[in-house]
1. Obtain the nm distance between the two label points defined at ALA52 and ASN90 by a simple spin-label model: each point lies 7 Å from its Cα along the Cα-to-C-beta direction.
2. Can you compute the modelled spin-label distance between LEU103 and TYR44, with each label point 7 Å from Cα toward Cβ, in nm?
3. Roughly how many Å² is the accessible area per residue of region 54-114, as a whole number, for a 1.4 Å probe?
4. Using a/c under 1.5 as the rounded threshold, could you call region 35-114 rounded, prolate or oblate? The axes a ≥ b ≥ c are square roots of the C-alpha gyration tensor eigenvalues, and prolate needs a/b larger than b/c, oblate otherwise.
Amino acid sequence: MNALPAGSPIVIYVNGSPYGDTVTVEGSQTSGPSSGSRAGYDAYQVHRDFPARWQAYIVANYRNIGHVTNVFGVSERTARNWWKGQFGANGGHVAVAMREHGLIAFQMLFAEAS
């Protein structure tokens, strides 16, 4: 058993998590606030498509590679790879995208293909 080092704070949430309400969804662990059924949503397909989705978002919303490096704080090489669709982004960069473009970013990055 791993013991906490002496003096480590222990936090107990009495009235729920500070991260919002969670709900149990059949066939999964927990998810965020319930906004309706997600039956048929293929998160694995979104994951597979993410580099192309990220590229589409980047090209549609930023002027050039330099603009991408400034907004996201990444190297020119990373920005170029994103611009070409060779890689997707990590969660922190997705958070920046959500801060910058909110619903537009969400729809481009996570919406189901129709």
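The values are calculated or read from the model by the stated rules, or taken from the named source; none is laboratory data. Predicted model, so just to flag it, every value in this text is computed and none were measured. Don't worry about glycine lacking a Cβ; one is built from the backbone with ideal geometry, like all the others, and counts go over all protein chains shown. Heavy atoms of the whole protein, side chains included, go into the accessibility calculation; ligands, DNA and RNA do not. Shrake-Rupley method; radii C 1.70, N 1.55, O 1.52, S 1.80 Å.
1. 2.6 nm
2. 3.2 nm
3. 59 Å²
4. Note, shape of region 35-114 comes out prolate.
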